[in-house]
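In what follows, a structure is listed as structure tokens, so that the remarks can point back to it.
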Amino acid sequence: MQRETELPFDTYVMNEKWQHRYISPVDYAKFHRQTLQDFETFWANVAREIEWFKPFEKVLDDSNPPFYKWYIGGRLNLSYLAVDRHVKTWRKNKVAIEWEGEPVDEDGNPTERRRLTYYDLYREVNRVAYMLKSNFGVKKGDRITLYLPMIPELPIVMLAAWRIGAITSVVFSGFSAEALADRINDARAKIVVTADGFWRRGRVVKLKEIVDMALEKVPVENVIVYSRLGLKDTPMTEGRDYWWHKAMRGVPINAYVEPEPVESEHPSFILYTSGTTGKPKGIVHDTGGWAVHAYATMKWVFDVRDEDIYWCTADIGWVTGHTYVVLGPLMVGATEVMYEGAPDYPQPDRWWSIVERYGVTILYTSPTAIRMFMRYGEEWPRRHDLSTLRIIHSVGEPINPEAWRWMYRVLGGEKTASASTWWMTETGGIVISHAPGLYLAPMKPGTNGPPLPGFEVDVFTEDGTPAPPGVKGYLVIKRPWPGMMHTIWGDPERYVKTYWSKFPNVFYAGDYAIKDQDGYIWVLGRADEVIKVAGHRLGTYELESALISHKAVAESAVVGVPDPIKGEVPIAFVTLKQGYQPGDELRKELRAHVRATIGPVAEPAQIFFVTKLPKTRSGKIMRRLLRAVATNAPLGDVTTLEDEASVEEAKKAYEELRAEVRGHE
Ligand code: WTA
């Protein structure tokens with residue numbers, strides 16, 4: 001949510017439970033500065049806490065900026081770090097994953113639960129790696145696209161792929177066939193792993209059918225289908241598609257696949273994310289730097305101990321799930337919860353029943369979820385014992401102070417450490433957050449907190465100088481960091497242009513932010529044509545391309561506008577081709593078309609029909625003006641606007657539709 005108003009800079013929140021970690025903002029800043037003084041030694045020491053097959057010789061190779069490389073000469077394996085290491089210790093029989101499916105019985109209890117120990121994971125990861133290698137010929141460097149729901153097989157197959165040095169490309173199971181096809185194609189994936197279907201809000205989503213639609217456009221060698229629901233009518237193509245359980249039949253129980261000792265800079269995953277063009281970017285991450293970043297932040301930000309029950313509610317299809325459901329918690333040997341379904345199914349207390357059932361101590365979730373639960377009311381969490389919670393953090397979008405307070409008071413009983421952790425797909429892990437695992441500086445509702453140790457963050461004005469405290473500017477990262485992305489898959493130039501060109505030698509995040517007098521950062525929202533819908537990252541250009549691909553649409557402009565629950569929602573202004581009439585039917589059709597092209601998360605909240613879009617004299621659409629129209633904000637500078645009537649028309653279309661909506665309410 002864009003927050004332009006005055007921020008509650010001085011509203012400190014402290015609680016007695018965390019007195020032992022208390023640090024003043026001044027002392028934290030001093031500590032933080034020290035970690036930057038001998039920056040390479042600092043990151044070398046952190047990296048030595050994880051196990052390397054071959055130690056690194058150099059911490060950072062900065063000979064070819066911005067193509068930085070971390071932990072040169074080091075070799076390691078993520079699957080080894082996540083499972084093998086633990087089975088050599090008492091953690092062998094510790095629960096790694098507590099999973100529950102969505103369906104419930106008449107009493108509201110889950111009908112499907114699975115509990116996997118670290119030894120179970122070890123066995124399965126090895127067996128799947130064996131299957132991938134021997135039945136499907138997967139080797140180091142091959143790309144595997146994973147289109148799976150939130151079931152344990154998703155982390156299992158990711159770890160199995162990393163075991164042999166293959167590169168995963170996970171595609172969120174809420175994306176459409178078209179979005180999936182684009183991603184399979186861009187990554188040139190060899191195989192796709194999917195499931196017959198899964199439960200979402202009491203309904204079956206047939207995943208394999210979507211895969212088949214995608215594969216009409218882009219072929220792959222093989223598809224492996226996990227039978228999550230036992231759907232008998234799942235379409236299978238002879239010679240291409242194989243059931244997971246059948247492919248696993250010949251694999252010995254004690255199969256063992258030697259973990260490939262990959263170079264630190266070997267890619268571990270590609271994850272597609274939205275930018276400012278219609279084409280999603282394949283963000284590429286390495287192995288060593290990412291592992292160090294994930295490991296360190298699990299300790300610093302989540303303070304995870306062996307007795308904790310950790311639950312990150314994110315879907316693995318987004319980066320939060322990669323780092324904080326799969327790699328991070330398993331590397332530190334945590335017990336974690338994984339849940340398949342919708343947060344409010346069958347009732348708005350589903351999540352709170354889960355916290356109570358497993359005794360969750362650390363919760364990592366999103367502002368959108370918090371705001372949704374606020375709307376349902378306090379009585380739902382009050383029905384359950386949430387007293388086990390000691391840390392609750394949020395991620396994905398700015399958290400408004402009211403939502404933070406509600407989370408802290410109603411869910412946390414005013415005894416949790418809570419931060420709004422800032423990071424992005426490109427950073428690989430958390431960059432700005434309180435770090436209660438080290439120290440806890442006073443919390444302030446709505447802030448992201450100070451930068452983590454070893455990260456040099458700043459807010460720049462347009463001319464590339466640091467903005468004074470309290471002044472809005474652009475968020476930048478001034479030095480490389482271990483979990484940083486390495487490139488954009490197949491497009492290194494775009495990597496340089498997008499992130500390293502606005503200001504010389506610093507990473508441009510694309511967010512607006514303010515630094516306060518304590519050095520805390522307040523990220524305000526995106527500074528580019530990217531919007532955050534319920535924490536999901538979407539490019540307005542992608543939505544525009546989707547709209548234009550409909551036969552009736554001539555031009556479209558999409559902007560994000562504030563929404564009380566989802567933070568932001570997209571709205572679209574559309575001009576039609578000759579022969580098409582605006583109307584409710586077409587509006588419905590266009591919304592359905594966007595759902596089908598990108599996925600349900602992208603569906604525009606409103607569609608406005610106009611005869612022209614506001615443009616500059618050189619023909620660029622002025623989205624800024626449309627956003628102003630839709631938020632009742634002042635138009636600002638309009639000197640470059642070609643035709644003022646276009647703004648008047650947009651205003652009229654907006655007001656008419658608002659009046660109509662109000663009429664229905
Ligand atoms: C936004 C998600 C404010 C921000 C991990 C960023 C946030 C984008 C926060 C990246 C936060 C993420 N406060 N804004 N705590 N966390 N963002 O790649 O705009 O899906 O640039 O990564 O989310 O989104 P992504």
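From the list Thr421, Thr368, pick out the single residue that is outside any loop (DSSP other than H, G, I, E, B) and under 24 Å from Tyr508 (Cβ atoms).
Answer to the selection: Thr421.
Does region 451-478 hold any residues that are away from the ligand (no atom under 13 Å from the Cβ), open to solvent by less than 20 Å² (accessible area, probe 1.4 Å) and in contact (Cβ under 8 Å) with a residue 60 or more places away in the chain, and which are they?
Result: Pro453, Gly454, Val459.
Just the residues that are in a loop (DSSP other than H, G, I, E, B), closer than 27 Å to Gln347 by Cα and not acidic (Asp, Glu), please, taken from region 93-124.
Gly101, Pro103, Gly108, Asn109, Thr111 - these are the residues of region 93-124 that are in a loop (DSSP other than H, G, I, E, B), closer than 27 Å to Gln347 by Cα and not acidic (Asp, Glu).
Contact list please: Cβ distance under 9 Å, first residue in region 414-440 and within 21 Å of Thr388 (Cα to Cα), second residue crowded, with 24+ Cβ neighbours inside 10 Å and of a type in the set (Asp, Glu), pairs at least six apart or on different chains.
Ser420/Glu397
Being open to solvent by 10 Å² or more (accessible area, probe 1.4 Å) and in contact (Cβ under 8 Å) with a residue 12 or more places away in the chain is true for just one of Lys190, Lys208, Lys232. Which residue is that?
Lys190
Report yes if Ser556 is in contact with a helix residue (DSSP H, G or I) (Cβ under 8 Å, 6 or more places away or on another chain), among the hydroxyl-bearing types (Ser, Thr, Tyr) and open to solvent by less than 50 Å² (accessible area, probe 1.4 Å), otherwise no.
Against the criterion (in contact with a helix residue (DSSP H, G or I) (Cβ under 8 Å, 6 or more places away or on another chain), among the hydroxyl-bearing types (Ser, Thr, Tyr) and open to solvent by less than 50 Å² (accessible area, probe 1.4 Å)), Ser556 qualifies.
Which count do you get for residues in region 261-294 that are in a helix (DSSP H, G or I) and either within 16 Å of the ligand (Cβ to nearest atom) or among the acidic types (Asp, Glu) (or both)?
Of the residues in region 261-294, 3 are in a helix (DSSP H, G or I) and either within 16 Å of the ligand (Cβ to nearest atom) or among the acidic types (Asp, Glu) (or both).
Filter region 25-75 for residues that are among the aromatic types (Phe, Trp, Tyr) and in a loop (DSSP other than H, G, I, E, B); which is farthest from Arg479 (Cα to Cα)?
Ranking the candidates gives Phe53 first.
Go through the residues of region 595-605 one by one and say whether even a single one is in a strand (DSSP E or B) and either among the β-branched types (Val, Ile, Thr) or buried (at least 23 other Cβ atoms within 10 Å of the Cβ) (or both).
Checking region 595-605: not a single residue is in a strand (DSSP E or B) and either among the β-branched types (Val, Ile, Thr) or buried (at least 23 other Cβ atoms within 10 Å of the Cβ) (or both).
If Gly341 passes every condition in (1) part of a helix (DSSP H, G or I); (2) open to solvent by less than 20 Å² (accessible area, probe 1.4 Å); (3) over 14 Å from Gly413 (Cα atoms) but one, which one does it miss?
(1)
If I ask for residues that are hydroxyl-bearing (Ser, Thr, Tyr), open to solvent by 40 Å² or more (accessible area, probe 1.4 Å) and under 30 Å from Glu544 (Cβ atoms), which ones from region 235-281 would you list?
Thr276, Thr277
One line per residue, one yes/no per condition, for (1) at negative phi; (2) open to solvent by 40 Å² or more (accessible area, probe 1.4 Å); (3) touching a residue at least 60 places away in the same chain (Cβ under 8 Å); (4) of a type outside the set (Val, Ile, Thr):
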site: Leu613; (1), (2), (3), (4): yes, no, no, yes
site: Lys620; (1), (2), (3), (4): yes, yes, no, yes
site: Arg623; (1), (2), (3), (4): yes, no, yes, yes
site: Arg627; (1), (2), (3), (4): yes, yes, yes, yes
site: Leu635; (1), (2), (3), (4): yes, yes, no, yes
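Among the residues of region 495-514, write down those that are touching a residue at least 40 places away in the same chain (Cβ under 8 Å) and open to solvent by 40 Å² or more (accessible area, probe 1.4 Å).
Passing the criteria: Val496, Thr498, Pro504, Asn505, Tyr512.
Looking at region 311-338, which of the residues that are assigned to a loop (DSSP other than H, G, I, E, B) and not small (Gly, Ala, Ser) is surrounded by the fewest Cβ atoms within 10 Å (Cβ to Cβ)?
Asp315
The values are calculated or read from the model by the stated rules, or taken from the named source; none is laboratory data. This structure is a prediction, so every number in the text was calculated from the model and none was measured. Because the Cβ atoms are built from the backbone with ideal geometry, glycine has one as well, and the counts that use them run over all protein chains shown. Protein only, heavy atoms only, side chains kept; ligands, DNA and RNA dropped before computing areas. Shrake-Rupley method; radii C 1.70, N 1.55, O 1.52, S 1.80 Å.
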